[in-house]
Each structure stands twice: as structure tokens, then as C-alpha cells.
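As C-alpha cells, the structure follows; a few thoughts come after it.
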Amino acid sequence: MASSLRHFAGLACFPTSSSAPSASGATCFLRRYAPNFCAFAALRPIRPGAASFPAAAAPNPRASPTQHEQCQDSVHQDAAPCHDDGDPPAPAPAALRVGIVGFGNFGQFIAGGIQRQGHTVLAASRSDYSAYCAERGIRFFRSVDALCEERPDVLLICSSILSTESVVRAIPFHKLHPDTIVADVLSVKEFPRNLLLEILPPGFGIICTHPMFGPESGKHGWGKLPFVYDKVRMAEGKDQATKCDQFLSIFEQEGCRMVEMSCAEHDRYAAGSQFITHTIGRVLSQLKLKSTPINTKGYETLLELTKNTISDSFDLYYGLFMYNVNATEQLDNLERAFESVKQMLFGRLHDLLRKQIVERVPISTFSSGKLENGSSNSSIVVQEEKKHLSPMASLTSPPTTLKPIPSSPGK
């Protein structure tokens, strides 16, 4: 057995009485090929008070004092240092405690992403969501006052646009840390920006955000969905700035496309995109559109747009109109565009030409009858012709054919 160990370990570690002392450069086979555990020191937790250096090698009772010293010297020469030459890495920041005020569908939706990134969620709402929160490890509070007593790092306003001002004015900011960050997720941005600047104490951080998605569009993940934010007021170089970056990293780590933009610029873009989209969807919903056996892809897109739009409350749509100064202009532009399209249609095609082209009926044969629009007076025909007749139609239909025709007797 001893000979086998000597075969693998080398004579320097297991000498015999008959063997001559080995050369000073001899090393043990086991030691030479043993893994360097110091290289993994940074990966394992260090107990408080534990030494940061490797433990001394256990002495070999069978080795001579001289050989033992040689082995010890070899260990110290070959061992790799357990720390870098530079400064030790900074500890990771502690998880955020995010308090959500207004825990409806959207608040619950955002809370899911916050928890997925390892942060703690506290919630307060007028409705009772205690059972929902208990199932998901969220602390629920019956009042905003009780939530603020827990002093969260970030207070996230998830109320509706119409109720935001009353909600913000009711928050007891004196119960929070003086450097607390207050954020919102409203679909309009200049309104909450000005409101928070007016109400919040000077030391509070303000960040206005708008996730450009919701529970429906983000149900399969937040990847590549736009997240707009504006750091309205933040103390740089302090813990507040670090917590702000932590909060934004939640959405970045979820895969959002981060877009930093001023509140005023956001509202200009949103009026021409989000508000117009909601308006078209609301208009289509009034038509009561139904699916047909011959749906085109375009028509199915319209049906989906209508469905997504009416799934949001009318209060949201009204808030997009009322609290965005650019919405009225876009509504006027939409109305003018619709009238322009109508004029293009009536300029090319009107009741009289439709009768002539489609039904091939001469004007004299229906002079006393009713047109498709219900008009029976032939003088109306002339007025409509003058109003809608285009230059091209004038060439194909000479003015002499549009003379007033007397109505039949008794009519």
C-alpha cells in the first residue's frame, strides 16, 4: 500500500528509510494536480470573522522536517492569491421597496414585473385586494397613510388620470423619507409633472414614466415594448440617483425599449398616436362592426383595434383628451381629414351620375321620380350637380342636360 502511494505521490512526500533525500524541486503528484480552490474564493460566501487567506497545509507525519519545510515552501510559492490587486467589488444594492398607490388592473400588472426583478411590493387601494396580495407575497394596506408609514423607497402612482390630483394631495408625504422617489405611470405627462413639482417637498425625487403597453399588449412579455421616462428632479451623486437607476432597471431587465424624453415632447407624440388610435377605435365601436365569412387582414386589424380600445374605460379616453393640450388640435385635424375625404368622394361620384352609369337610365325617364338620396324636386338635382360636379364630370355631362324639369302635376 505504501509503495502504491509512493508511486503516485512521489518520493518527496512519502520517503523510505533506504531512499536518498529527494531534490528540493520535487513536488507531490497529488499537490501538483490538485485544483486551486483559491480561484473560487470569490464565488463562495465568507462567514463573518472568517480569515481571507487559505488555511495552512496539514503536516505529513511521515515526512522528515526538512522535506516538510520543502513541501510548505512549494505550497506558498504555487498558491494563487485569493483576491485581486484592485479594490474589492462594491456590494450589490439592496432590493427596492416599491409602494403602489392604486392597485387596479394596471397596478397589479406593473407589480408583477417589479417582483420578477426581485424587489418588494407594497400596495394600497380603495378596493380590497388583500386576498390577491396574500397569494403573491405582496403587503396590502387599507389606506395610503398606513403604506407611507412603511417608508418605501419608491412611491408609484397608478391611479386613473381623472383621480390623480385628489390622490396625490391626500398622500401624507411627511411620513416618508425626505429623499423618497415619487413616480407615475399616467398616459399624459405634463399634467403629473407640474402637479408633483407643485405638491412634493423639495427633497423628493420625481420621475415621470409611461409604459406604452398594458395588461393586454404586454401579456406575453415586455420585450421591445417602449417605456418612456423623464427624470424631472433627481439628486445626482446620492442614494436617490442610485435608487432611480434601480427602478428604471426593472423595466430594462424586463426587455423594454427605454426612451428618455421630456414630458412636453411625450404629449405631442402621444396626441398624434395614442389619442388618435383611441379615437378611431371609439368611432369604429359605434358602427357595431361584426366579423364576416370574408374578413380581410385589414378588417381583422380594425376589429382587434376596436376590441382593445373599448376594453379600456371611457375615463381613460376622456383623460387623454382633457389632460393633453395637443388632443383638441388632433381632433380638429381628424375632423377636417374626414370632411376632405368626403369631398373627394362626392366630387367624383354623386347621385345623378350613379343613376346614369350604373342603371343606364336617361335623365328624362326619371325626371319626376326620386333619387337615391330621397330628393324628388328636380331643382335639387341641379343644385347638387353644381355643388358636387367635378371638372371631369362636367366634360362628360354637358350643362344642357341638367336643366330643371317641371314636377308632375299634383306633386
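Could you say whether any residue in region 90-97 is at pLDDT 95 or above and either outside any strand (DSSP E or B) or open to solvent by less than 10 Å² (accessible area, probe 1.4 Å) (or both)? Explain how you work it out, then say what you get.
Quick first cut of region 90-97, residues at pLDDT 95 or above only: 95-97.
Next, only the ones that are either outside any strand (DSSP E or B) or open to solvent by less than 10 Å² (accessible area, probe 1.4 Å) (or both) stay: 95-96.
So far as region 90-97 goes, yes, one or more of its residues are at pLDDT 95 or above and either outside any strand (DSSP E or B) or open to solvent by less than 10 Å² (accessible area, probe 1.4 Å) (or both).
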* Asked: Being over 18 Å from the mean Cα position of the chain (by Cα) and without any contact (Cβ under 8 Å) to a residue 24 or more places away in the chain, is that true of even one residue in region 267-283?
  -> yes
* Structure fact -> Over region 132-170, the set of residues open to solvent by less than 70 Å² (accessible area, probe 1.4 Å), farther than 23 Å from Leu186 by Cα and small (Gly, Ala, Ser) is Gly137, Ala146
* Does region 127-134 contain any residue that is under 10 Å from Cys158 (Cα atoms) and either free of Cβ contacts under 8 Å to residues at least 40 places away in the same chain or of a type in the set (A, V, I, L, M) (or both)? -> no
* **Checking Cys244 against (1) open to solvent by 20 Å² or more (accessible area, probe 1.4 Å); (2) farther than 21 Å from Leu316 by Cα, the condition it does not meet** => (1)
* To do: With a cut-off of at least 1 residues that are of a type in the set (Val, Ile, Thr) and modelled with pLDDT of 90 or more, name the helices (runs of 4 or more DSSP H) lying wholly within region 298-399.
  => 327-348
* Structure fact -> Subset of region 273-310, residues within 22 Å of Asp332 (Cα to Cα), among the polar types (S, T, N, Q) and open to solvent by 80 Å² or more (accessible area, probe 1.4 Å), comes to Gln286
* Matching residues in region 105-131 - criterion: being part of a helix (DSSP H, G or I), under 22 Å from Ser166 (Cβ atoms) and open to solvent by 60 Å² or more (accessible area, probe 1.4 Å) -> Asn105
* Structure fact -> Of the listed residues (Val185, Val101, Val168), the one being of a type in the set (Val, Ile, Thr) and touching a His at 6+ places or on another chain (Cβ under 9 Å) is Val185
* Val154 being under 24 Å from Ser313 (Cα atoms) and modelled with pLDDT of 95 or more -> no
* Asked: Of the residues in region 323-337, how many are in contact (Cβ under 8 Å) with a residue 24 or more places away in the chain and surrounded by fewer than 18 Cβ atoms within 10 Å (Cβ to Cβ)?
  -> 5
* Structure fact -> All conditions in (1) open to solvent by less than 40 Å² (accessible area, probe 1.4 Å); (2) within 19 Å of the chain's Cα centre (by Cα); (3) not β-branched (Val, Ile, Thr) are true of Ala235 except (2)
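The values are calculated or read from the model by the stated rules, or taken from the named source; none is laboratory data. Quick caveat, the model's predicted, so the values are computed rather than measured. Note: ideal-geometry Cβ built from the backbone for every residue, glycine included; neighbour counts use all protein chains shown. Just the protein is used for accessible areas: all its heavy atoms, side chains included, with ligands, DNA and RNA removed. Shrake-Rupley method; radii C 1.70, N 1.55, O 1.52, S 1.80 Å.
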